[in-house]
Amino acid sequence: MGMTRQIAVEDRKQSIPTTMQAAVYRGVNDVRLEIVPVPKIGAGELLVKVHTCGICGTDLKKIATGSHSAPRIFGHEISGIVAAVGEGVNEFAARDRVVVFHHIPCGECYYCRHKTFAQCPTYKKVGCTAGFEPSGGGFAEYVRVMDWIVKRGTVRIPDQISFEQACFVEPVNTCMKGIATLHPEHSETILVIGQGPIGIVLSVLAQRRGATVITSDLYPERLTISKSFGLELQIDASRSDAVKRTRELTEGRGADAVILAVGGNGLIRSAMDATRPGGRVLLFAQTVSGEATFDPAAVCVDEKTLLGSYSASVELQEESVRFVMNHDMDLERLISHRFPLANSLEALNLAAHPKPESMKIVIQPGSVWEGSSA
Ligand SMILES: [Zn+2]
Ligand SMILES: [Zn+2]
């Protein structure tokens, strides 16, 4: 599907309109479909026409909590086609298919030299925008890609790879970072609680490291998809007690490590209980601050370690690009819903209130490219 559309678009001369549609965040739980100016680009910059943009849990959190000032245009899992290049850009040309990162460190400052990239002043700036305060901008027809992102954070998509597959580079990177933090050993058994798209990617990555992976979810629909990715050892948490079952599968010990890939704090206790003494628990989806209950003696006496991981790592950028662009995993199959930009409010609403059958949800401004003069 991606290929025919792409050819249809490439055959036509691209003309860039002056206005475009965008899903604009106007305040807490208030996103509106608006007509905004197409961003202007300067020297060293790119204008990218967005084909697909994944909806990320962090977008939903920002919309629901009002953690960021309004107005903004969110969306940072962006794949698309170069529509225009600024003066002095030689690495890319119009019609190149690309993925763009939204945070990239400078590589030269004190913090970069000491490998604390997240403290780099350049890294802290968002390098893609569709207007207003830069916030990714993928929920719009066009994004402006700033010069440092053009130099170090724009990646060409190979011909045989779809825009849908390509938009997983950033989420895969966040999962790779989580797995690096957990550092699974070859002989270990790891329980991954939650088999949404991120839980499945985490499970596959842990399995590729040689760990034995047990997955669990309340929804049989998700377990079916998870199984199709080679994750055979499953617990249907709607029918059996995941903690008990994990112990049964590990000679009564519990898993060497547990990854919690379900939001909220309700399962932290279970995750700790399912871990063996001396084991570790990775909180991967606990992005909202608040208070949670766990047994302090599980940490002190049983020596269980609580770990966390959030966002992407620039050090894993190349590895995540390779994984996605080599098609090491058929990530497109994790997409359950595709919405045109015009229906982005519906898309965000579904993502915020997932159904058993919902997996990755993407907004596709590029879904109207075929047969239109855009
Ligand atoms: Zn994301
Ligand atoms: Zn730096």
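Okay, residues lined up against (1) of a type in the set (Lys, Arg); (2) in contact with a helix residue (DSSP H, G or I) (Cβ under 9 Å, 6 or more places away or on another chain); (3) at positive phi; (4) not in a helix (DSSP H, G or I):
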residue	(1), (2), (3), (4)
LEU60	no, yes, no, no
GLY75	no, yes, yes, yes
CYS106	no, yes, no, yes
TYR111	no, yes, no, no
SER135	no, yes, no, yes
VAL143	no, no, no, yes
ask   = Do you know which residues across the range 23-49 are touching an Asp or Glu at 6+ places or on another chain (Cβ under 6 Å) and not acidic (Asp, Glu)?
value = VAL24, ALA43, GLY44
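Consider GLY107 carefully, then state whether it is within 16 Å of ligand 2 (Cβ to nearest atom) and among the small types (Gly, Ala, Ser). Quick ask: steps written out before the conclusion?
Working: within 16 Å of ligand 2 (Cβ to nearest atom): yes; among the small types (Gly, Ala, Ser): yes.
Answer is yes for this residue.
Consider VAL150 carefully, then state whether it is among the hydrophobic types (A, V, I, L, M, F, W, C), in contact (Cβ under 8 Å) with a residue 12 or more places away in the chain, over 17 Å from ALA312 (Cβ atoms) and touching a Lys or Arg at 6+ places or on another chain (Cβ under 8 Å). Steps first, answer last, please.
Working: among the hydrophobic types (A, V, I, L, M, F, W, C): yes; in contact (Cβ under 8 Å) with a residue 12 or more places away in the chain: yes; over 17 Å from ALA312 (Cβ atoms): yes; touching a Lys or Arg at 6+ places or on another chain (Cβ under 8 Å): no.
Taking the combined requirement at face value, the residue does not satisfy it.
How many residues are hydrophobic (A, V, I, L, M, F, W, C) and away from ligand 2 (no atom under 16 Å from the Cβ) when one looks only at the range 110-137? Step through it out loud before you land on a result.
Step one: filter the range 110-137 for residues hydrophobic (A, V, I, L, M, F, W, C), giving 112, 117-118, 120, 126, 128, 130, 132.
With away from ligand 2 (no atom under 16 Å from the Cβ) added as a condition, the list becomes 128, 130, 132.
Number of matching residues: 3.
Would the range 166-173 turn up any residue that is of a type in the set (Val, Ile, Thr) and more than 16 Å from ligand 1 (Cβ to nearest atom)? Explain how you work it out, then say what you get.
Here is the first cut: in the range 166-173, the ones of a type in the set (Val, Ile, Thr) are 169, 172.
From what is left, the residues that are more than 16 Å from ligand 1 (Cβ to nearest atom) are none.
No, because not a single residue in the range 166-173 is of a type in the set (Val, Ile, Thr) and more than 16 Å from ligand 1 (Cβ to nearest atom).
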request  = Please specify each residue of the range 1-34 satisfying the condition of being modelled with pLDDT of 95 or more and of a type in the set (Ser, Thr, Tyr).
outcome  = THR18, THR19, TYR25
query = Looking at the range 79-96, is at least one residue within 15 Å of ligand 1 (Cβ to nearest atom) and part of a loop (DSSP other than H, G, I, E, B)?
reply = no
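Just checking: which of the helices (runs of 4 or more DSSP H) contained wholly in the range 287-359 hold 1 or more residues that are of a type in the set (Asp, Glu) and without any contact (Cβ under 8 Å) to a residue 12 or more places away in the chain?
Result: 317-325, 344-352.
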task = Give me the pairs, please: first residue somewhere in the range 47-59 and over 12 Å from ILE78 (Cα atoms) and of a type in the set (A, V, I, L, M), second residue anywhere and away from ligand 1 (no atom under 16 Å from the Cβ) and part of a strand (DSSP E or B), beta-carbon distance under 7 Å, and either six or more positions apart or on two chains.
result = LEU47/ALA83; LEU47/ALA84; LEU47/TYR142; LEU47/ARG144
inquiry  = Could you check the range 334-356 and list, in sequence order, the residues that are farther than 20 Å from ARG32 by Cβ and touching a Phe, Trp or Tyr at 6+ places or on another chain (Cβ under 8 Å)?
reply    = LEU334, PRO356
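The values are calculated or read from the model by the stated rules, or taken from the named source; none is laboratory data. Just so it is clear, the structure is predicted and the values come from calculations on it, not from any experiment. Please note: Cβ atoms are built from the backbone with ideal geometry, for glycine as well, and neighbour counts cover all protein chains shown.
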